[in-house]
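Let me begin by presenting the structure, written as structure tokens, before commenting on it.
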Amino acid sequence: MKKIVFTFLLVTFFVGNSFAQGKLKVGFNGGLTYSSFRGNPQIETLDAGVDFLVGLSFEYQLKERLSLVANINYDRKTATDNPYIEIFDSPDDPSFYGRVKIKFKNQFITLPILLKYQFGPDNSLYINGGPFMSYMIKSELWNDYDERNTDQTDNYKSLDFGLVFGFGKTFKLKNNNKISVEIRDNLGLSNISDVPVVGNGYIKTNSLNLICNYSFNF
């Protein structure tokens with residue numbers, strides 16, 4: 001948690017300093033997440049799932065083609081499975097045998113810090129990359145047999161970190177406002193499991209994002 005607070009203060013300083021110099025763009029993020037988990041055979045049976053993210057963006061212009069970007073996003077990472085499961089009300093009375101849909105649902109606050117390079121006609125294309133840090137708010141397992149959420153948060157570490165790579169295009173609007181569309185990959189590098197994993201494995205995240213951003217000069 002201290003690392004999250006430190007990063008938030010760093011972003012706040014960066015934003016405040018940018019206000020004074022008039023080189024800052026502020027924006028709003030929204031989009032879809034397509035997430036999967038890796039590190040052991042059990043977690044890898046889950047299929048990648050679709051969810052969403054929303055948040056704020058801050059972009060500070062360093063040079064004509066180069067800028068520094070910070071986001072603060074509420075980020076959901078979900079994976080699904082549909083296995084055959086036998087469920088008993090009592091040891092001698094099987095009550096159900098069939099497919100049960102399972103969702104592994106995780107909520108994060110994610111803070112990527114990215115270096116962005118613009119190129120192409122009117123500098124409308126860009127690539128970016130850098131580190132990210134995520135703070136887990138909640139982790140749950142849901143099933144459609146009894147439509148119940150089981151809290152799993154205590155089984156996972158609070159912090160995740162990794163690398164971000166993205167590619168996008170910017171569309172200019174009136175008054176120097178802009179809309180951008182970006183495909184971004186978030187590759188988790190840390191083991192988020194706080195309990196032993198089968199086969200001495202681990203659990204790491206990966207999330208492909210489709211992000212739409214509206215930004216304006218501040």
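Against the criterion of solvent-accessible heavy-atom surface with a 1.4 angstrom probe, ILE192, ILE127 sort, most first, into ILE127, ILE192.
Site pair VAL195 and THR80 shows an inter-label distance of 2.5 nm when each label is modelled 7 Å from Cα along Cα→Cβ. The listed residues PHE58, PHE108, PHE161, PHE119, once ranked by accessible area (1.4 Å probe) with the largest placed first, stand as PHE161, PHE119, PHE58, PHE108. Counting only heavy atoms of the protein chains and using a 1.4 Å probe, PHE171 has close to 100 Å² of accessible surface. Phi angles across region 120-136 convert, under the Karplus curve 6.51 cos²θ - 1.76 cosθ + 1.60 with θ = phi - 60°, into 3J(HN,Hα) values of x, x, 6, 6, 8, 9, 7, 10, 8, x, x, x, 9, 10, 10, 10, 6 Hz, Gly and Pro given as x.
Length gained on full extension, ARG38 to LEU163, computed as 0.36 nm times the residue gap minus the Cα-Cα distance: 43.5 nm. Distant-in-sequence amide contacts of TYR156, defined by a placed amide H-H separation under 5 Å and a gap of 5 or more residues or a different chain, comprise ASP194. Within region 179-205, list the residues whose amide N lies under 16 Å from a label point set 7 Å along Cα→Cβ of ASN143. No residues fall inside that zone. Applying a threshold of 27 Å to the alpha-carbon distances of LYS23/LYS204; LYS138/LYS172; LYS23/LYS172; LYS103/LYS157 flags LYS23/LYS204; LYS138/LYS172 as lying beyond it.
Putting +1 on Lys and Arg Cβ atoms and -1 on Asp and Glu Cβ atoms, find which of ASN149, TYR135, PHE119 reaches farthest to the positive end of the dipole of region 109-154. About the Cα centre, the residue reaching furthest to the positive side is PHE119. With a Förster radius of 25 Å applied to the C-beta separation of ASP151 and LYS101, the computed FRET efficiency comes to 0.85.
The values are calculated or read from the model by the stated rules, or taken from the named source; none is laboratory data. Source: prediction; values computed, not measured. Cβ sites come from the backbone with ideal geometry, for glycine too, and all protein chains shown count toward neighbours. Just the protein is used for accessible areas: all its heavy atoms, side chains included, with ligands, DNA and RNA removed. Shrake-Rupley method; radii C 1.70, N 1.55, O 1.52, S 1.80 Å.
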